[in-house]
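Peer 1: What follows is a structure written as structure tokens; I'll ask about it next.
The values are calculated or read from the model by the stated rules, or taken from the named source; none is laboratory data. Only a predicted model underlies this, so the values are computations on that prediction, with no experimental measurement involved. Please note: Cβ atoms are built from the backbone with ideal geometry, for glycine as well, and neighbour counts cover all protein chains shown.
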Amino acid sequence: MKKYMKGKSCEDHCVLQHSNRICVITLAETHPVLRKGSKIKSINYRISDGCSRLNNKVSGKSKRGGQFLTEFAPLCRITCTDNVEYTIFSCIRGRLLEVNEDIIMSPDLLLEKPSTEGYIAVILPKLEESKRVTNSLLTREQYEEVVSKRTTQQPQPC
Amino acid sequence: MLSLKEKDRPIVRKLLDAGCCARCVLRFCCVGKYASYQNSCQDINKELLAFLSQADSGQSHDASGQDQADNPPCKKMKLESVRAGEEASAEPPALEAQPDAQPATCVTCLGVLQDFCHQSFVTQVCEVVKKGGYQFDSLLLAVSLPAQLSVREHSCWLHIKKELREKSMCVDKEDVVQVKDAFKWAIQALVGRELGASMLFNSAFEVSIGFTHAETDGDCHFLATACSDCFKPAKNKASVFTRMAVVKALEKISDEEFLRQYPCPPARPATKCTPLETTCLHSSVFIAGRYNKFSRELPQTPWVIDGERRMEGSVEELIAAPLLSSFRADAFNFSSSGREDVDVRTLGNAALFMFSWLCNCEFIESKICSSVQTINASSDKIRVRDLQIVTREAMGRMKEGEEEKTKSYSALIWTKKAITKADLDVIGNIKELKIDQKTPLRVLHRRPLAVRQRTIHSMSASYLDTHHFTLLLRTQAGTYIKEFVHGDFGRTKPNLGGLMETEADILELDVESVDVDWPPAVPE
């Protein structure tokens, strides 16, 4: 799995892309939820009255029925114990295959193992869009450059 | 000689009168002896006439008036058999004999059992087979006849139904010998002799002989109105009057309705059947065996993406190539019981494969032996054994085994935390561990998303160093071992890392054996 980073005003997400084009959305280590040191109060996959990511059901090899997401589609909302709410985004275009329900019951998983068992969601981009998805993300090197620029420009954390 | 009984006499008489040939008469008398059909038409005819002339006029049910009526047809038959006899004493009858020297074409078999049961036709058929260059030790004859023969047969049967029933309480239409069978009985010895092959009902090599008779194709048409539900127009069939449909309609139609619409006995044809081009066909042959894969860089099947070869070679190609050249095959099917990853070795008796193709050469045991040697000599990446011919049904057994058998693996494990031998003892104590595996991410792009419950039957671990050990496992078929070790983002639960309270990863995996005893072992 290769890592590609996507930032949204410092709320960095890390997209792990497999050679078979499947993507796992996780939080990057610089995401405030992981940086802050406060615990997670709740994780809510119900992003609106009409839409809950928990209702996502796919069937068959072609994964029919999976909710199609654009880059700014919300996956879930995380509320920390300091009552600040963060929205986690898809970051890429593709079909939502599954969301990690384990972190609802055990949010510590997200804090302790954000890149493995604490993943947020699994998304399958369209075959023809797969390369474009990769190109829209930052490589590890590019990400680290952005992050280092951030800390020199703005001393206070995001 | 013909083993005909008293009761057969009226049947023989009536059928000869109606215009049936000698072999058809034997069929309706339910004569089951092959040899009876192998004599020439003329000889059988002579015997029938001799049989008839033995009739005691007092024995027949009919009055002497019947006897009188018999004489003219008998005379006619005698005349014809004498003429035919004259022909026979000269050259073997050519296919284009003068019309007046030949007996009339049979109303039931339309000449199939008259003019195509002798050596010269057999030679014609065998020429086609020989030209094809096929290799075979055995063959089976497939005969296809025009559908209207069933109609004519039915008509003749109704014609003598009364007499047949009187002959025996349990003679039914099914007891009458079929034209196809009589034809095969008449010629198969000749075919076998000429081609040097034995006639076997389950031979893989099929020789098809067919006939048409355009003149009487219309015979079936009345059935379409009488039993319209039997005839459904099919786009890919030339005529809606298929043999099956006609047979079905004849089963349904009442005797009265049939007799209303079709002459009984059937009308005499002016011409005889025309033979179609003889064709040959080899059915699929199936070979099964076991293989070992010793390389961690060899895929099961050719790995090609977008026309580009991603990795050289494949198990399938290494096994198929020598088999294809030994047994002249154009296309083939290769299937194996387990689909192991490229980087996994298969040792022991672990892997089964099956290979099938349309073969036009017969097997000799040695060809299999030599194929095994050729494959094993060609590459050190694989090895095959227990190669043997199996049946089509065997494919099902192999797939069934895939779902049910247990497999044994050995794996090289890395752990993040430092481990001691004591940590590994815990693993050895775990038995019948049930795990839930979501479809691994690495195959999720081409498999449906699902959760599979599998059982790890037993495990044992051998310490290597503080971060490595060898793990042996016996698991249910279909278990994803790699995912059991590293957990696949927690989507396989429980997993080895979790059980050992560390991160774990798999560095190498081998399949050691599979608990299945099929196909049977073949000694080297």
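Peer 1: How about the range A:52-158: which strands (runs of 3 or more DSSP E) wholly inside it have at least 3 residues that are polar (S, T, N, Q)?
Peer 2: Details: elements: A:74-80, A:85-89, A:94-99, A:121-124.
Once the strands (runs of 3 or more DSSP E) in the range A:52-158 are filtered for at least 3 residues that are polar (S, T, N, Q), nothing remains.
Peer 1: Continuing with this model, one more query. Among the residues of the range B:202-251, count how many are acidic (Asp, Glu) and surrounded by fewer than 16 Cβ atoms within 10 Å (Cβ to Cβ). Even if it seems obvious, please write down each step before you answer.
Peer 2: Initial filter on the range B:202-251 (acidic (Asp, Glu)): B:206, B:215, B:217, B:219, B:229, B:251.
Going one step further and asking which of them are surrounded by fewer than 16 Cβ atoms within 10 Å (Cβ to Cβ), we end up with B:206, B:217, B:229, B:251.
Result for the range B:202-251: 4.
Peer 1: Right, here's the next one. Looking at the range B:329-347 only, could you name the residues that are over 19 Å from residue B:378 (Cα atoms), touching a residue at least 60 places away in the same chain (Cβ under 8 Å) and charged (D, E, K, R)? Outline the logic, then answer.
Peer 2: First, pick out the residues of the range B:329-347 that are over 19 Å from residue B:378 (Cα atoms): B:329-333, B:335-344.
Checking the rest, the ones that are also touching a residue at least 60 places away in the same chain (Cβ under 8 Å) come to B:335, B:337-338, B:340-341, B:343-344.
Those that are over 19 Å from residue B:378 (Cα atoms), touching a residue at least 60 places away in the same chain (Cβ under 8 Å) and charged (D, E, K, R): B:340, B:341, B:343.
Peer 1: A further question follows. Run residue A:59 past the list (1) more than 14 Å from chain B (Cβ to nearest Cβ); (2) more than 16 Å from the chain's Cα centre (by Cα); (3) exposed (fewer than 14 other Cβ atoms within 10 Å of the Cβ) and report the number of the one that doesn't hold.
Peer 2: All conditions are met except number (1).
Peer 1: Please state which one of A:151, A:87, A:81, A:70 is among the polar types (S, T, N, Q), touching a Cys at 6+ places or on another chain (Cβ under 9 Å), surrounded by fewer than 17 Cβ atoms within 10 Å (Cβ to Cβ) and more than 12 Å from chain B (Cβ to nearest Cβ).
Peer 2: Of A:151, A:87, A:81, A:70, the one residue that is among the polar types (S, T, N, Q), touching a Cys at 6+ places or on another chain (Cβ under 9 Å), surrounded by fewer than 17 Cβ atoms within 10 Å (Cβ to Cβ) and more than 12 Å from chain B (Cβ to nearest Cβ) is A:87.
Peer 1: Additional query: Given B:464, B:473, B:444, which one is within 11 Å of another protein chain (Cβ to nearest Cβ) and out of contact with any Gly (no Cβ under 8 Å at 6 or more places or on another chain)?
Peer 2: Working: B:464 fails: within 11 Å of another protein chain (Cβ to nearest Cβ); B:473 fails: within 11 Å of another protein chain (Cβ to nearest Cβ).
Of B:464, B:473, B:444, the one residue that is within 11 Å of another protein chain (Cβ to nearest Cβ) and out of contact with any Gly (no Cβ under 8 Å at 6 or more places or on another chain) is B:444.
Peer 1: The conditions are (1) more than 14 Å from chain B (Cβ to nearest Cβ); (2) surrounded by 14 or more Cβ atoms within 10 Å (Cβ to Cβ), and residue A:49 fails exactly one of them. Which is it?
Peer 2: Result: residue A:49 passes all but (2).
Peer 1: Residues being under 20 Å from residue B:272 (Cα atoms), surrounded by fewer than 24 Cβ atoms within 10 Å (Cβ to Cβ) and more than 34 Å from the chain's Cα centre (by Cα): count how many of those fall in the range B:8-43.
Peer 2: Final tally of qualifying residues: 5.
Peer 1: Filter the range A:99-110 down to the residues that are touching a helix residue (DSSP H, G or I) at 6+ places or on another chain (Cβ under 9 Å) and in contact (Cβ under 8 Å) with a residue 12 or more places away in the chain, then identify the one that is surrounded by the fewest Cβ atoms within 10 Å (Cβ to Cβ). Show your work before the answer.
Peer 2: Residues of the range A:99-110 that are touching a helix residue (DSSP H, G or I) at 6+ places or on another chain (Cβ under 9 Å), as a first pass: A:99-104, A:109-110.
This time we only want the ones that are in contact (Cβ under 8 Å) with a residue 12 or more places away in the chain, so: A:99-104, A:110.
Numbers: A:99: 24, A:100: 24, A:101: 12, A:102: 17, A:103: 24, A:104: 16, A:110: 25.
Selected residue: A:101.
Peer 1: Just to be sure before I move on: is residue A:16 more than 12 Å from residue A:111 (Cα to Cα), at pLDDT 90 or above, touching a Ser or Thr at 6+ places or on another chain (Cβ under 9 Å) and within 14 Å of chain B (Cβ to nearest Cβ) in the structure I sent?
Peer 2: On the way: more than 12 Å from residue A:111 (Cα to Cα): yes; at pLDDT 90 or above: yes; touching a Ser or Thr at 6+ places or on another chain (Cβ under 9 Å): yes; within 14 Å of chain B (Cβ to nearest Cβ): yes.
The answer is yes for residue A:16.
Peer 1: Being in contact with a strand residue (DSSP E or B) (Cβ under 8 Å, 6 or more places away or on another chain) and without any contact (Cβ under 8 Å) to a residue 12 or more places away in the chain is the filter; apply it to the range B:265-318 and report the residue that is nearest to residue B:225 (Cα to Cα).
Peer 2: The qualifying residue nearest to residue B:225 (Cα to Cα) is B:304.
Residue-by-condition table, conditions (1) under 32 Å from the mean Cα position of the chain (by Cα); (2) in a loop (DSSP other than H, G, I, E, B); (3) among the charged types (D, E, K, R):
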position: B:298; (1), (2), (3): no, yes, no
position: B:313; (1), (2), (3): no, yes, no
position: B:325; (1), (2), (3): yes, no, no
position: B:339; (1), (2), (3): yes, yes, yes
position: B:345; (1), (2), (3): no, no, yes
position: B:348; (1), (2), (3): no, no, no
position: B:354; (1), (2), (3): yes, no, no
position: B:369; (1), (2), (3): yes, no, no
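Peer 1: I've got another one for you. Restricting the search to the range B:239-264, which residues are of a type in the set (D, E, K, R), free of Cβ contacts under 8 Å to residues at least 12 places away in the same chain and under 12 Å from residue B:158 (Cβ atoms)?
Peer 2: In the first step, residues of the range B:239-264 are kept if they are of a type in the set (D, E, K, R); the result is B:243, B:248, B:251-252, B:255-257, B:260.
After this cut, where a residue has to be free of Cβ contacts under 8 Å to residues at least 12 places away in the same chain as well, the list is B:251, B:256, B:260.
Hits for the range B:239-264 are B:256, B:260.
Peer 1: Within the group B:419, B:375, which residue is at pLDDT 80 or above, buried (at least 18 other Cβ atoms within 10 Å of the Cβ) and assigned to a helix (DSSP H, G or I)?
Peer 2: Details: B:419 fails: assigned to a helix (DSSP H, G or I).
Checking each option against the conditions leaves just B:375.
Peer 1: Let me ask something else. Go through (1) of a type outside the set (Gly, Ala, Ser); (2) surrounded by fewer than 20 Cβ atoms within 10 Å (Cβ to Cβ); (3) touching a residue at least 60 places away in the same chain (Cβ under 8 Å); (4) more than 14 Å from chain B (Cβ to nearest Cβ) and name the single condition residue A:127 misses.
Peer 2: Every listed condition holds for residue A:127 apart from (4).
Peer 1: Taking the range A:111-123 as the search range and keeping residues that are of a type in the set (A, V, I, L, M) and closer than 15 Å to residue B:491 by Cβ, which one is surrounded by the fewest Cβ atoms within 10 Å (Cβ to Cβ)? Reasoning before the result, please.
Peer 2: So in the range A:111-123, the residues of a type in the set (A, V, I, L, M) come out as A:111, A:120-123.
Now drop any that are not closer than 15 Å to residue B:491 by Cβ, which leaves A:120-123.
Numbers: A:120: 26, A:121: 22, A:122: 26, A:123: 29.
Among them, the one singled out is A:121.
Peer 1: Taking the condition more than 14 Å from chain A (Cβ to nearest Cβ), outside any loop (DSSP other than H, G, I, E, B), crowded, with 16+ Cβ neighbours inside 10 Å and in contact with a Leu (Cβ under 6 Å, 6 or more places away or on another chain), does residue B:394 pass? It would help to see each step written out before you state the result.
Peer 2: Values: more than 14 Å from chain A (Cβ to nearest Cβ): yes; outside any loop (DSSP other than H, G, I, E, B): yes; crowded, with 16+ Cβ neighbours inside 10 Å: yes; in contact with a Leu (Cβ under 6 Å, 6 or more places away or on another chain): no.
It is false that residue B:394 is more than 14 Å from chain A (Cβ to nearest Cβ), outside any loop (DSSP other than H, G, I, E, B), crowded, with 16+ Cβ neighbours inside 10 Å and in contact with a Leu (Cβ under 6 Å, 6 or more places away or on another chain).
Peer 1: If you don't mind, another one. I'm trying to understand the selection: among the residues of the range B:422-439, which are within 14 Å of chain A (Cβ to nearest Cβ), in a loop (DSSP other than H, G, I, E, B) and surrounded by fewer than 19 Cβ atoms within 10 Å (Cβ to Cβ)? If you could, list the steps in order and put the result at the bottom.
Peer 2: Restricting attention to the range B:422-439, the residues satisfying the condition of being within 14 Å of chain A (Cβ to nearest Cβ) are B:436-439.
Among the residues that remain, those that are also in a loop (DSSP other than H, G, I, E, B) are: B:439.
Answer for the range B:422-439, where residues must be within 14 Å of chain A (Cβ to nearest Cβ), in a loop (DSSP other than H, G, I, E, B) and surrounded by fewer than 19 Cβ atoms within 10 Å (Cβ to Cβ): there is none.
Peer 1: Now for a different question. Output the residue which, of all residues in the range B:476-497 that are over 15 Å from residue B:430 (Cα atoms) and of a type in the set (Gly, Ala, Ser), is farthest from the other protein chains (Cβ to nearest Cβ).
Peer 2: B:477
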